[in-house]
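Each remark here refers to the structure printed beneath this line.
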Amino acid sequence: MAKRIISQARGHGSGTYRVRRRGFRFRLKYPANLSGEGTVVQLQNSSGHSAPLAKVSYENGIFYIPAFKGLIEGQKLSFGGKEIKDGNILRLGDIPVKTQIYNVESRPGDGGIFIKTAGSFGEVSRIIGEKVYVLMPSKKEKPFNKNCRAIIGVVAGSGRLEKPIVKAGRMYFIKKSKGKLWPRTSAVKMNVVDHPFGSGRGKNPKSKTAKRNAPPGRRVGLLRPRRTGYQK
C-alpha cells in the first residue's frame, strides 16, 4: 500500500504540519489612519515571533508592533510626524539617510511586511524621486514608495542566537511553535516510497527540475528555476 510523501502531507494541512493558532494570536500591523501619539501599554511574549511584542494604545484603540531595542512600558511614541526617535512611526520620505528602521511596509497602508526578526534592521540608503532605497538585512538594496511607513530603531531580542541550543529537544519545540518542518531529511537519503528522489541507486539519475504544473507529490526539487547549473 502506498503512502503520502512529506510534501503531500504538508500540503494536505493536517495538525502535524500546521502551526498552532495560539502562536500567532497577535497581528502585527499598523492601523490604516495612524496619526498623533500613542503609549506602550505592555510588552508581550509570543511563541510564534522571535522578538518581544509591544502593545500600543492610541486614541482609536490598540495595535501590536515588534518591540525596539531599549523600549520600556509607558513610553510615548509619535505617529506620522518628523521627529527621529526610536519607536516613532514615520513615512520613509520623512526619514533621513543612514537612519536605522524596521517593520517596513511593502505598499502604503499594508501595515508592515519587511524586517521583523529579532535583532534585525534596515537602513535608508538613498532617495531618488518618489522612491526610497532601503539597505535590507541581506545587504541588498530594495526600492520602496516614499509613503510607506516604518519604525525608527532596531528590533529587540538581538541576543536570541547567543545562547546555545545544547540539545535537540529544545530546537524541536522552537520549530514546532512556528510550524517549521524539523529535522529536515535530505531527499536522496529517503526510501523510494517517501520521495521522488528516494532510493540509493545512483542518487543522480532523475532531473531535479519540477514542471510548473506538476502535482504536489512531484513538485519537489527545483521549482521553475530561472537557470540551473554552476554560475561562472
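Exactly one residue out of V188, V193, V166, V154 is among the β-branched types (V, I, T), at pLDDT 90 or above, out of contact with any Pro (no Cβ under 8 Å at 6 or more places or on another chain) and more than 30 Å from I95 (Cβ to Cβ): that is V166. Count of the stretch 56-82 residues, restricted to those that are of a type outside the set (V, I, T) and within 18 Å of I115 (Cα to Cα), is 8. Inspection of the stretch 166-187 identifies at least one residue that is of a type in the set (A, V, I, L, M), surrounded by 14 or more Cβ atoms within 10 Å (Cβ to Cβ) and farther than 24 Å from R22 by Cβ. Close Cβ contacts (under 8 Å, 6 or more residues apart or on different chains) running from residues in the stretch 63-75 that are under 14 Å from N45 (Cα atoms) to residues that are part of a strand (DSSP E or B) and of a type in the set (F, W, Y) comprise P66/Y102; F68/Y102.
All conditions but one from (1) out of contact with any strand residue (DSSP E or B) (no Cβ under 6 Å at 6 or more places or on another chain); (2) not in a strand (DSSP E or B) apply to I127; the one that does not is (2). For the stretch 136-151, the set of residues classified as farther than 18 Å from G111 by Cα and of a type in the set (G, A, S) consists of S138 only.
Condition check ((1) touching a residue at least 40 places away in the same chain (Cβ under 8 Å); (2) more than 30 Å from I72 (Cβ to Cβ); (3) surrounded by 12 or more Cβ atoms within 10 Å (Cβ to Cβ); (4) acidic (D, E)) across all residues:
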{"residue": "A9", "(1), (2), (3), (4)": "no, yes, yes, no"}
{"residue": "R18", "(1), (2), (3), (4)": "yes, yes, no, no"}
{"residue": "F24", "(1), (2), (3), (4)": "no, no, yes, no"}
{"residue": "L34", "(1), (2), (3), (4)": "yes, no, yes, no"}
{"residue": "E37", "(1), (2), (3), (4)": "yes, no, yes, yes"}
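The set of residues in the stretch 162-218 being part of a loop (DSSP other than H, G, I, E, B), of a type in the set (V, I, T) and outside the structural domain of A9 (by TED's automatic domain parsing) consists of I165, V166. Here F63 does not fit the description of being within 23 Å of S120 (Cα to Cα) and in a loop (DSSP other than H, G, I, E, B). Selection of the stretch 68-97 for residues being in contact with a strand residue (DSSP E or B) (Cβ under 8 Å, 6 or more places away or on another chain), part of a loop (DSSP other than H, G, I, E, B) and over 29 Å from K131 (Cβ atoms) yields L71, I72, E73, G74, Q75. Y102: in contact with a Gly (Cβ under 9 Å, 6 or more places away or on another chain) and either modelled with pLDDT under 85 or among the small types (G, A, S) (or both), yes or no? Considered against the rule, which asks whether it is in contact with a Gly (Cβ under 9 Å, 6 or more places away or on another chain) and either modelled with pLDDT under 85 or among the small types (G, A, S) (or both), Y102 comes out as no.
The values are calculated or read from the model by the stated rules, or taken from the named source; none is laboratory data. Owing to the predicted nature of the structure, the values given are computational and were not obtained by experimental measurement. Don't worry about glycine lacking a Cβ; one is built from the backbone with ideal geometry, like all the others, and counts go over all protein chains shown.
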